[in-house]
Structure formats: C-alpha cells, structure tokens
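Q: I am attaching a structure below and will ask some questions about it afterwards.
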Amino acid sequence: MSSAGSIPIAIRAIDVIRKKRDGAELTRAEIEALVNGYTSGEIPDYQASAWLMATLLKGMTRAETAALTDTMLRSGEVMDLSDLPARKVDKHSTGGVGDKTSLVLAPLAAAGGLCVPMISGRGLGHTGGTLDKLEAIPGFNVNLPVTRFREVLEACGCAMIGQTAEIAPADRKLYALRDVTGTVESPFLICASIMSKKLAEGIDALVLDVKTGSGAFMKNEKDAAYLAELMVETGERMGKKMAALITDMDQPLGRYVGNSLEVVEVLEVLRGAGPEDLRNLCLELAAWMFFLGERASSIDDGKRLAAKLLASGDALQRFRKMIEMQGGDPRVVDDPNVLPRTLHSLDVQSPKAGYVTAIQCERAGTACVILGGGRERKEDSVDPAVGFVLHKKVGDFVAAGEVLCTVYYNSETLGARARAMLLESFEISEIARTEKRPLVHRVITKSGEKS
Ligand code: URA
C-alpha cells in the first residue's frame with residue numbers, strides 16, 4: 001500500500017494536461033503524479049478537471065487505464081483477507097431498475113463455500129442501490145468498522161457494507177469532481193473508478209453484470225461491451241479472474257421496484273421461488289461466481305449448485321445470519337410484514353387491450369425516485385416503503401381496464417405523479433407482440449474472447 005505522495009519535481013501537472021490534450025500516452029509516473037497530487041490537495045480542482053476533460057475527449061490506452069486503476073486502488077487500503085481460507089469472489093452491477101441480485105448472490109455464494117466481501121453503493125440517478133435496499137431491513141447496519149466486517153465475513157461467508165473513508169480515497173475525490181464537470185461518462189474513468197473499489201476488497205475473482213437497455217447507463221450494447229472488455233482486461237492485468245455478462249435492462253428486473261418491496265422479492269428467490277427473469281439471472285451470476293471461485297467445474301455445474309442451495313434453504317439461512325450479525329431484524333426472513341409499509345396503494349389500469357411491447361425502464365425507475373424511493377439530491381433521505389409492483393411485463397397480453405401495476409405511496413401528490421409516469425412508460429400494441437429479449441446478451445470472459 002502506498003500513500004498519496006507529493007509530485008516529483010520533474011513532473012508538472014500542466015505538462016501532463018498538455019500531453020493528454022494532444023492525444024499522447026501518459027506514463028505510469030505521470031498518472032501517479034496527477035492522481036496522488038490531487039488526492040493530497042497539492043493539485044487544485046481546476047487542473048484535475050482539465051486533465052479529466054482531456055482524458056474524456058482523448059481516451060486512454062489499456063496501459064494507462066491499468067495504471068490509473070492501480071494508482072487509485074493504492075491511494076487507500078487494500079483489504080488483506082488472506083487468512084480466510086475460502087476463495088474471495090464478488091459481483092458488481094453497473095446499475096438498473098429492480099436489480100436486487102446482490103442481496104441474493106452474497107448469501108447464495110457464501111452458502112456454496114465462497115467468501116463474499118461486498119462493498120456496495122447507493123442509488124444513482126434512476127437506478128436503485130444495494131445499500132438503500134439493505135437499509136429497508138429495520139436495524140441493518142451498512143457502516144460496519146473494518147474489524148466487524150471481517151468478523152461477519154468469517155462467521156457468515158458474506159458481509160455487505162458501504163464504501164469506507166479508507167477505500168480508494170482518490171476515487172471519492174475524483175468521482176465528486178467528475179460529477180460536476182461532465183466527465184462521468186468516460187469508459188476509462190468508469191472502469192478505473194469501479195475496479196479500484198472492487199480490487200480494494202482483496203478479492204480473487206470478480207463477476208461483472210454490465211447492463212444494457214433503456215434502464216441502463218449504457219443504453220446500447222456496443223458501449224456496454226466496450227466497458228465490459230475494458231474492466232475484464234484491467235482486472236486480469238491485476239491477476240484477478242474476471243467475467244462480464246452483458247445483461248438486459250430494457251424493462252425492470254423482476255416485478256418489485258422500491259427498497260422494501262425488493263427485499264420481499266429477494267426473500268421469494270431465496271425460498272426457491274420468485275419471478276423467472278430474476279431467478280434465472282441470479283442462477284447465471286452465481287454459476288459464474290462458483291466457476292471463477294473454483295467451486296464448480298463448469299457454468300452448468302455452478303447453476304445446479306446454486307439451484308440446490310436455493311431449494312435447500314441454505315442460502316436463506318445465510319441471509320438470516322448476515323442480517324442478524326449486521327444488526328438487522330432477522331424476523332424479516334419469516335415475516336415480510338416487519339418491513340416498512342406505505343399508507344396507500346393504487347392500481348394503474350390499462351387504457352386499452354393489447355400486448356405490452358415495451359416498458360420504458362428509465363421512466364419507470366424515475367417514477368420510483370419521485371415517490372421518494374431514490375434521491376433527487378445527494379443529501380435526500382429515501383422512503384424505504386414506496387415503489388411499485390408490475391403485474392404485466394413485455395410480451396404479456398393485457399385486457400382494457402386490467403391492472404398493469406400497483407403503486408405504493410405515502411404522499412397523494414407524489415403517488416399521482418408516479419402513476420402518470422408509469423402509465424406513460426407502458427407501450428401497448430393491439431397488433432404486434434414483441435419477442436422477449438434474451439436476459440444474457442453475451443459473456444466476455446477474456447480480453448477479446450466472447451461467447
Ligand atoms: N460507478 C462508479 O463507482 N464509478 C463510476 O465512474 C460510474 C459508476
């Protein structure tokens with residue numbers, strides 16, 4: 001671990017900015033000087049902003065991306081979990097609507113003998129966040145000190161917390177600057193940001209769920225695949241086993257959207273039931289975790305193991321134990337009524353008969369944010385109880401007046417706004433029946449190797 005040091009005399013921020021502006025490749029030393037200098041406060045915001053914008057416009061080579069990731073990773077602590085015998089494997093999703101797979105996968109992978117040290121984030125824009133979902137469980141603490149995090153991991157095989165001050169501080173500072181300088185969208189900067197945090201967990205392997213479609217940040221598959229390849233290659237350069245699944249986010253995943261509601265659906269999957277798309281994606285991602293973590297000899301073998309652990313209740317028992325050890329109310333596992341509930345609900349009816357051809361996923365996610373289920377501003381708190389349940393999904397037939405979805409709300413005004421947005425997000429055609437898109441579009445396992 002190296003701490004943020006001062007800029008060597010020979011390397012000046014202005015020269016690094018000019019070099020990137022002119023499209024040349026930076027050396028590792030130049031990247032380190034820039035990032036460490038900014039993290040320690042020696043380089044001001046305006047110079048770091050200029051460098052970020054030059055990077056967004058000119059791009060980075062693979063070697064530069066690896067050097068940036070490594071520098072950001074080493075700006076803070078890298079957890080040493082080498083005393084825990086199990087293989088350490090995590091999963092990261094680029095974010096979507098109704099994407100609650102992390103809550104299933106951490107206990108499921110742990111029940112199968114892996115160690116899952118999961119550091120997660122909060123909702124971003126129209127997408128939900130794992131920490132907000134976990135906090136819907138009364139008492140659940142996502143801010144554990146590192147010593148307690150290790151205790152939970154040791155006893156449970158999985159633990160789920162938020163980013164601490166010690167993990168990749170360079171990313172914290174750079175991410176906040178990118179957010180206000182129009183430089184979030186660079187795949188190179190996204191890759192370094194995500195990978196520096198994930199690699200700080202001290203993992204052996206990582207499965208990436210890169211979303212594509214109307215509810216994802218990467219709306220088209222080409223951009224999603226480019227980001228996925230970049231992250232796979234960067235992780236491999238650092239000696240990690242990597243796989244990226246490009247998965248569908250053209251409609252919400254599962255049927256429940258909203259923090260408490262999503263915990264209910266997680267419990268259904270952990271009981272061996274739940275909606276087909278959510279269950280299948282969990283089985284697929286778990287299979288890759290087991291395969292990379294050497295608990296399964298093939299993906300099919302991994303899927304069988306995952307299905308067995310759901311059917312036996314072992315994964316559910318892990319979830320109960322993790323909730324208990326992280327201060328949450330374990331009764332939630334047997335009685336979802338322990339979760340926060342709204343005062344009101346209303347049904348949204350279809351104005352006409354036909355097939356659902358699309359559900360505009362970003363709009364549906366925004367409806368949940370408007371209800372209070374996500375944040376309009378960074379400092380907002382979320383209402384864990386609000387959200388919606390879909391009764392119809394793409395490809396389903398709906399009769400005129402039949403219920404498309406049910407909205408759960410606490411404010412009449414917000415409930416009415418969300419209802420209008422959800423109604424708008426459904427596209428219904430009397431004639432055309434849309435084929436369901438595949439859940440997993442492709443898998444990227446090694447640089448350049450796709451299936
Ligand atoms: N999530 C991150 O952690 N970083 C990014 O840059 C984008 C999404």
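Q: Let me spell out the model: positive unit charges on the Cβ of Lys and Arg, negative unit charges on the Cβ of Asp and Glu, origin at the Cα centre of segment 96-234. What dipole size does that give, in debye rounded to 20? If you can, show how the numbers build up before the last one.
A: Working: 13 positive and 16 negative charges, 56 e Å.
Dipole size: approximately 260 debye.
Q: Return one number: the angle in degrees, 0 to 90 and rounded to the nearest 10, between the long axis of the Cα atoms of helix 276-292 and the longest principal axis of the Cα atoms of the chain.
A: 30
Q: Follow-up question, since we're still on this one. Count charges around C156 for me, please; just the other residues with Cβ under 13 Å from its Cβ, Lys/Arg as +1, Asp/Glu as -1.
A: My count for the surroundings of C156 gives +1.
Q: Once you have a ≥ b ≥ c as the square roots of the Cα gyration tensor eigenvalues for segment 13-59, tell me rounded if a/c is under 1.5, and otherwise prolate or oblate according to whether a/b is larger than b/c.
A: Values: a/c = 2.10, a/b = 1.40, b/c = 1.50.
Oblate shape, in that a/c is at least 1.5 and b/c is the bigger or equal ratio.
Q: Still on this structure: Taking the Cβ of R279 as the centre, find all other residues whose Cβ is under 12 Å away and add up their charges (Lys, Arg: +1; Asp, Glu: -1).
A: Computed value for this residue: -1.
Q: Among the lysines, which fall within straight-line cross-link reach of K446, defined as a Cα-Cα distance under 20 Å, with same-chain neighbours fewer than 8 residues apart omitted?
A: Correct list for K446: K88, K91, K198, K211, K222, K240, K241.
Q: Over all distinct Cα pairs, what is the inverse of the mean 1/r for segment 162-304, reported as the Kirkwood hydrodynamic radius in Å?
A: Its Kirkwood hydrodynamic radius stands at 16.8 Å.
Q: Moving to a separate point now. What is the dipole size for the chain, taken about its Cα centre, with +1 at each Lys and Arg Cβ and -1 at each Asp and Glu Cβ, in debye to the nearest 20? Each step should come with its number before you reach the end.
A: On the way: 55 positive and 60 negative charges, 81 e Å.
Dipole size: approximately 400 debye.
Q: Have a look at the DSSP beta bridges in segment 341-429 and tell me what percent are antiparallel, nearest 5. Intermediate results must be reported in sequence, preceding the final value.
A: Numbers: 16 of 16 bridges.
The antiparallel proportion sits near 100 percent.
Q: Still on this model: Accessible surface of S345 in the full protein assembly, 1.4 angstrom probe, to the nearest 10 Å²?
A: Number for this one is 70 Å².
Q: With all protein chains present, calculate the accessible area of K219 using a 1.4 Å probe and round the result to the nearest 10 Å².
A: K219 has an accessible surface of roughly 100 Å² with all protein chains in place.
Q: With a 1.4 Å probe and all protein chains kept in place, how do Y46, Y38, Y226, Y175 rank by accessible area, largest first?
A: Output order, biggest surface exposure first: Y46, Y226, Y175, Y38.
Q: Sort S82, S49 by heavy-atom solvent-accessible area, probe 1.4 angstrom, most to least.
A: S82, S49
Q: Among L404, M60, N141, whose Cα lies farthest out toward the positive end of the dipole of the chain, if unit charges sit on the beta carbon of Lys, Arg (+1) and Asp, Glu (-1)?
A: Of the listed residues, the answer is M60.
Q: In degrees, nearest 10, range 0 to 90: what is the angle between the Cα axis of helix 299-311 and the longest Cα principal axis of the chain?
A: Relative to the chain, helix 299-311 is tipped by roughly 50 degrees.
Q: Keeping all protein chains in position, work out how much accessible area R74 exposes to a 1.4 Å probe, and write it in Å² to the nearest 10.
A: Accessible area, nearest 10 Å²: 100 Å².
Q: Relative to the longest principal axis of the chain, what angle (0 to 90°, nearest 10) does the C-alpha long axis of helix 146-156 take?
A: Its long axis makes an angle of about 50 degrees.
The values are calculated or read from the model by the stated rules, or taken from the named source; none is laboratory data. This structure is a prediction, so every number in the text was calculated from the model and none was measured. Note that each Cβ is placed from the backbone with ideal geometry, even for glycine, and that neighbours are counted across all protein chains shown. Keep in mind that these areas ignore ligands, DNA and RNA; they rest on the heavy atoms of the full protein, side chains included. Shrake-Rupley method; radii C 1.70, N 1.55, O 1.52, S 1.80 Å.
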